[in-house]
Each structure stands twice: as structure tokens, then as C-alpha cells.
Amino acid sequence: MAERLDVTVHGRVQGVGFRYFVLRRAMDLGLTGWVANEPDGSVRCVAEGERGSLETLLASLEDGPGGALVDRVSSHWEMPIGGLRSFEVRSGGHRGD
């Protein structure tokens, strides 16, 4: 059964390739969703897929790529909305789903 994970990562996570790290990891795990920089300097990721794959993604977000310094990760689980066909990097001006 699919689930939805909404995560915000705080720390030195912008300007270090974090979004593309998330993109590659999510695609490897077969997830759909998006990742974007937020105005407050955090990175937000929304992903849908199987629980085990989402848990693997969450663990990757807690570490981040080399060069990143993750201070805090906020996450919550939701029912999937669907309609997401792939995983993509969105601009900071995104409006969510």
C-alpha cells in the first residue's frame, strides 16, 4: 500500500546539491514526488510510494550529501494523494502539489 511522506530538512542544505541528491535517491527507490528549496533556507520533500522505500529515503535525508550539514528533520506521514507521475526538482516558488 502506498503512503505519502512530507519532510522538511533544516541546516546547511541549500547550495550543496541537496535537491539533486534527493532526486537521485528517490528515483533509485521508485518514488514519485518533488523536492524544493524553501525561503527559510530549508529543503522540503514530498514523496509517495511504498513505506519501506520512503523510510529508506528518510534515512538518506537525515544524512544528506557530502557538504550538507543536517541540523534537524521534520517529517510526517499522510495518505497518498496520487497524481504524481515522477520525481522532480521544483523551484523555490512552487505551490506544492
Item to check | Crossing angle, helix 51-63 versus the chain [Cα axis fit, 0-90 degrees, rounded to tens] | outcome: 0 degrees
Checklist outcome for this item: If R0 = 25 Å, then GLU50 and ARG72, at their Cβ-Cβ distance, give a FRET efficiency to the nearest 0.05 of 0.45
Checklist entry - Which residues make up the longest stretch of the chain clear of trypsin sites (Lys or Arg not before Pro) that lie in a DSSP loop with no more than 14 other Cβ atoms within 10 Å, not counting the sites? => result 1-84
Next on the checklist: Per DSSP helix of 4 or more residues, -39500 (n - 2.57); summed, then divided by the residues of the chain. What does that give at 222 nm, rounded to the nearest 500?
Outcome noted: -7500 deg cm²/dmol
Item to check | Descending semi-axes in whole angstrom, ellipsoid equivalent of segment 20-97, from the Cα gyration tensor | outcome: 18, 16, 12
Checklist outcome for this item: Of all DSSP beta bridges with both partners in segment 23-97, the antiparallel percent, nearest 5, is 60 percent
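Bear in mind these aren't lab numbers, they're just calculated from the coordinates by the rules spelled out. Computed from a predicted structure; not experimentally measured. Backbone-built Cβ (ideal geometry, glycine too); neighbour counts: all protein chains shown.
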